[in-house]
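Below is one structure; the comments refer to it alone.
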Amino acid sequence: MPDVTPGPSTRRRDAEENRGRIIAAAREVFAVAGFDAPLEAVARRAGVGRATLYRNFPDRIALGVAIFEDNLAALEALAHEHRGRPDAFMTLLASIVEQQIEGHALIPALLTGPSAPDLQALARRVTRLLAEPLRRARATGAVRRDLAPADVLAALAMLTAVVAGDASVRSRRRRALRALDLLVHGLAPR
């Protein structure tokens, strides 16, 4: 009788799929119920048991960091996809703002948590992914010529403050888009 036990590659693929479902579910649950939402709700939404959730993420902070890493990877892929395009900077900025709307409770919790990620490393990573699109946007006159990466990070921190603590996704989106509109006009060439 042939062996029907899944091989190591099948288990790894299943484990990766579970991990991806958990991250996606946590992103959705945290966006609606906040970072303190029960992890049981995350497991339920992902369609996995609590043991699978904890095997992948030993605690809430580890899950939050995974979401943040996943978001950064998506931004890096978007930057690569839009490389050389004149609208790349604004496309990336809009995507970052959308991530902030979804992750309104995540960012403050991660920044103050007991095992907070290395903020300098994260800032360098975001700066790297924005560097070329920002240079191109300055060169084409889409943004102020004196706009520096540190200015963009400061503007993003301001947007984080705008959405923090607002439980309504609709309200966060409205407030964030209004703040972005105000910031973009402040970033425009004079």
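Placing a pseudo-label 7 Å from each Cα along the Cα-to-Cβ vector at Ser95 and Ala73 gives an inter-label distance of 1.4 nm. Axis angle, to the nearest 10 degrees, between helix 8-33 and the longest C-alpha principal axis of the chain: 50 degrees.
Using a probe of 1.4 Å on the protein chains alone, the accessible area found for Arg21 is around 100 Å².
Rounded to the nearest whole Hz, the Karplus-based 3J(HN,Hα) values (6.51 cos²θ - 1.76 cosθ + 1.60, θ = phi - 60°) of the stretch 66-79 follow the sequence 5, 5, 4, 4, 4, 4, 5, 4, 5, 5, 5, 5, 5, 4, with x at glycine and proline. Could you tell me which label, among (i) 28, 25, 17; (ii) 30, 19, 14; (iii) 35, 20, 14, carries the value of semi-axes √(5λ) of the Cα gyration tensor in Å calculated for this structure? Among (i) 28, 25, 17; (ii) 30, 19, 14; (iii) 35, 20, 14, the one calculated here is (iii). Compared with the dominant Cα axis of the chain, that is its longest principal axis, helix 169-187 is turned about 30°.
Backbone geometry of the stretch 95-100 corresponds, through the Karplus equation with coefficients 6.51, -1.76 and 1.60 at θ = phi - 60°, to 3J(HN,Hα) couplings of 5, 4, 4, 4, 5, 5 Hz, x marking Gly and Pro. Compared with the dominant principal axis of the Cα atoms in the chain, helix 119-140 is inclined by about 40°. Averaged over its residues, the chain has an accessible area of 56 Å² per residue, based on protein heavy atoms and a 1.4 Å probe.
The values are calculated or read from the model by the stated rules, or taken from the named source; none is laboratory data. Computed from a predicted model, the values in this text were never measured in an experiment. A quick note on method: Cβ atoms are made from the backbone with ideal geometry, for glycine too, and the neighbour counts reach across all protein chains shown. We work out accessible area using only protein heavy atoms, side chains counted, and drop any ligands, DNA or RNA first. Shrake-Rupley method; radii C 1.70, N 1.55, O 1.52, S 1.80 Å.
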